[in-house]
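S.K.: Dumping the structure here so I can ask a few things about it.
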Amino acid sequence: MKNYVLVGTGSRGTGMFAKDIVEHYTDVARLTGLCDINPGRVEHAKKSLGIDVPTFTDFDQMLDTVPCDVVIVTTKDSTHDDFIIRAMRRGKDVITEKPMTINAEKCRNILAVQKETGRDVKVSFNYRYAPFKTRVKELLREGVIGDIHSVEFRWFLDTVHGADYFRRWHRKKENSGGLMVHKATHHFDLINWWMDLEPVEVAAMGSRHYYVPERMPGHGERCLTCGVKNNCEFYTEMTGKTKELYLDNEHHDGYFRDQCVFSDDTDIEDTLSVIVRYQKGIQLTYALTAATSFEGWYVAFNGSKGRLEAYEPEVFVTEEDQADFKQRKSSAIRRNVDWRKAEPGQGSQMEEIQSNQIRIYPLFGGVQTVDVPHVAEGHGGGDRRLKDNLFRPGGPDPLNHAAGTRGGAMSILIGAAANLSIAEKRFVTIEELLKG
Ligand SMILES: NC(=O)c1ccc[n+]([C@@H]2O[C@H](COP(=O)([O-])OP(=O)(O)OC[C@H]3O[C@@H](n4cnc5c(N)ncnc54)[C@H](O)[C@@H]3O)[C@@H](O)[C@H]2O)c1
């Protein structure tokens with residue numbers, strides 16, 4: 001039985017980790033403390049878990065007071081390094097949410113302290129564990145397309161989920177590293193893991209095209225008090241759990257969960273293009289857009305024996321002209337259907353996705369297909385499988401699903417290099433970031 005404490009009792013910390021420790025992993029794990037800088041949110045977490053667990057607003061005080069083997073870090077991204085390092089220095093192991101951290105300097109500090117202390121740090125790359133993404137890895141390992149030469153990767157965020165990054169703390173690079181780090185850490189990690197290779201150098205472009213102030217003249221600081229809310233396609237109300245977690249606790253820390261997506265001082269991009277050279281000279285082209293009507297991703301690997309394509313549609317706003325945000329995000333409209341099969345006016349009749357297909361095109365013709373059943377659970381089934389691995393470790397891991405600090409570093413360093421490349425308009429090597 002291991003003792004776990006959790007720092008960062010927002011939606012992810014409580015929903016993904018704390019809840020499952022007290023409900024699902026009771027034979028192997030015990031939750032001994034909760035900590036958050038916001039006293040209201042940490043009390044809310046305790047109440048929603050329905051258990052009597054000590055709560056803290058001071059991390060060191062928590063570690064001084066309660067038994068702890070492992071610290072789970074689910075705070076704002078820019079603070080992960082601080083908790084990871086303090087935990088390791090106090091002889092604790094760590095599970096941290098992605099991104100491990102947000103820039104090269106913080107990354108170097110984590111790597112150095114981990115080397116010094118020898119503590120176990122796991123980065124929770126849930127996407128790796130999803131069965132569909134795992135199948136891609138198996139096929140590449142089996143050599144179905146031979147030696148890989150290049151990779152094409154596209155990721156789409158819609159005007160519900162994508163917009164949310166522009167409402168929250170994520171909208172400032174000092175908090176999140178921008179989508180290049182915060183979001184793309186998942187994607188770069190998948191590429192690194194799929195190929196079992198590390199990146200060498202990176203060049204990038206990034207801009208904010210859609211979530212810009214000019215789109216909504218006269219907008220307010222936040223939806224709650226906005227003077228133009230009646231005309232806004234992004235107006236949202238904080239209700240239910242969002243109200244309990246954020247609106248009811250904003251008097252403690254001044255954090256507004258419903259900031260205007262068109263804010264003037266946002267500094268993250270919504271449109272990203274990256275090229276990466278990997279070991280063995282393999283080239284990656286990557287693009288992310290945060291304002292489409294659907295979500296999902298598409299990857300293609302070109303190799304010496306053929307091409308492998310995997311495509312996973314996630315959700316699609318099935319009805320036309322959904323300018324009302326509440327409607328647009330409702331599960332009746334924003335559905336798990338394949339947008340490539342959409343026909344005009346047909347939206348509501350579209351069928352839910354049952355399986356996703358991987359297509360292999362051998363070099364001299366023909367096609368082979370591999371169907372993988374759709375898993376309608378958190379992150380394509382990745383969340384549950386990740387937690388099984390974290391809380392019941394020690395089983396076989398032939399595909400190296402578990403990620404440590406090296407994996408955490410290699411994914412965020414692509415994002416950090418991309419941010420630097422945008423700022424300085426040049427290729428940035430991973431080595432220069434590792435050396436500092
Ligand atoms: N793997 C995934 O798919 C996935 C999904 C969602 C979120 N996440 C990650 O989980 C983390 C939390 O995200 P979230 O959506 O729950 O955000 P959130 O804003 O809901 O929660 C973050 C919490 O951290 C607290 N916090 C901030 N600074 C702190 C500090 N210095 N000390 C103590 N507490 C502090 C905040 O008060 C808040 O309660 C982020 O790192 C995010 O990237 C991962």
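S.K.: Can you pull out the residues in segment 210-234 that are surrounded by 17 or more Cβ atoms within 10 Å (Cβ to Cβ) and either among the small types (G, A, S) or assigned to a loop (DSSP other than H, G, I, E, B) (or both)?
M.R.: Result: Y210, Y211, M216, H219, G220, C223, L224, C226, C232, F234.
S.K.: Now for a separate question. Being modelled with pLDDT of 95 or more and either touching a helix residue (DSSP H, G or I) at 6+ places or on another chain (Cβ under 8 Å) or within 30 Å of V317 (Cα to Cα) (or both): is that true of A112 here?
M.R.: No.
S.K.: Name the single residue, out of those in segment 114-133 being assigned to a helix (DSSP H, G or I), buried (at least 20 other Cβ atoms within 10 Å of the Cβ) and not aromatic (F, W, Y), that is nearest to the ligand (Cβ to nearest atom).
M.R.: Among residues in segment 114-133 that are assigned to a helix (DSSP H, G or I), buried (at least 20 other Cβ atoms within 10 Å of the Cβ) and not aromatic (F, W, Y), the one nearest to the ligand (Cβ to nearest atom) is N126.
S.K.: Any residue that is over 30 Å from T429 (Cα atoms) and within 21 Å of the chain's Cα centre (by Cα) - is there at least one of those in segment 264-278?
M.R.: The answer is no; no qualifying residue exists.
S.K.: Tell me which residues, restricted to segment 385-411, are among the charged types (D, E, K, R) and buried (at least 17 other Cβ atoms within 10 Å of the Cβ).
M.R.: R385, K387
S.K.: Criterion first (surrounded by fewer than 19 Cβ atoms within 10 Å (Cβ to Cβ) and assigned by TED's automatic domain parsing to the domain that holds A163) does R328 satisfy it?
M.R.: Spelling it out, it is not the case that R328 is surrounded by fewer than 19 Cβ atoms within 10 Å (Cβ to Cβ) and assigned by TED's automatic domain parsing to the domain that holds A163.
S.K.: Just to be sure, is R426 away from the ligand (no atom under 16 Å from the Cβ), assigned to a helix (DSSP H, G or I) and surrounded by fewer than 17 Cβ atoms within 10 Å (Cβ to Cβ)?
M.R.: no
S.K.: Can you name the residue in segment 7-20 that is near the ligand (Cβ under 10 Å from one of its atoms) and under 18 Å from T57 (Cβ atoms) and is also surrounded by the fewest Cβ atoms within 10 Å (Cβ to Cβ) among such residues?
M.R.: The extreme case among them is G10.
Let's see how each residue does on (1) within 11 Å of F125 (Cβ to Cβ); (2) within 14 Å of the ligand (Cβ to nearest atom):
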{"residue": "Y361", "(1), (2)": "no, no"}
{"residue": "G366", "(1), (2)": "no, no"}
{"residue": "V370", "(1), (2)": "no, no"}
{"residue": "H379", "(1), (2)": "yes, yes"}
{"residue": "K387", "(1), (2)": "no, yes"}
{"residue": "A402", "(1), (2)": "yes, no"}
{"residue": "T405", "(1), (2)": "no, no"}
{"residue": "L413", "(1), (2)": "no, no"}
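S.K.: Where the second residue is hydroxyl-bearing (S, T, Y) and outside any helix (DSSP H, G or I) and the first is closer than 28 Å to T101 by Cα and lies in segment 120-142, which pairs have Cβ atoms under 8 Å and are six or more apart or on separate chains?
M.R.: Once the first residue is closer than 28 Å to T101 by Cα and sits in segment 120-142, its partners that are hydroxyl-bearing (S, T, Y) and outside any helix (DSSP H, G or I) give V121/T96; K122/T96; V123/T96; S124/T96.
S.K.: Being over 27 Å from L433 (Cβ atoms) and among the charged types (D, E, K, R): is that true of E198 here?
M.R.: Criteria not met by E198.
S.K.: Does segment 39-82 hold any residues that are within 11 Å of the ligand (Cβ to nearest atom), surrounded by fewer than 21 Cβ atoms within 10 Å (Cβ to Cβ) and part of a loop (DSSP other than H, G, I, E, B), and which are they?
M.R.: Scanning segment 39-82 gives T57, D58, K76.
The values are calculated or read from the model by the stated rules, or taken from the named source; none is laboratory data. Worth saying up front: this structure is predicted, and the values here are computed from it rather than measured. Cβ coordinates were reconstructed from backbone atoms using ideal geometry, including for glycine residues, and neighbour counts include every protein chain displayed.
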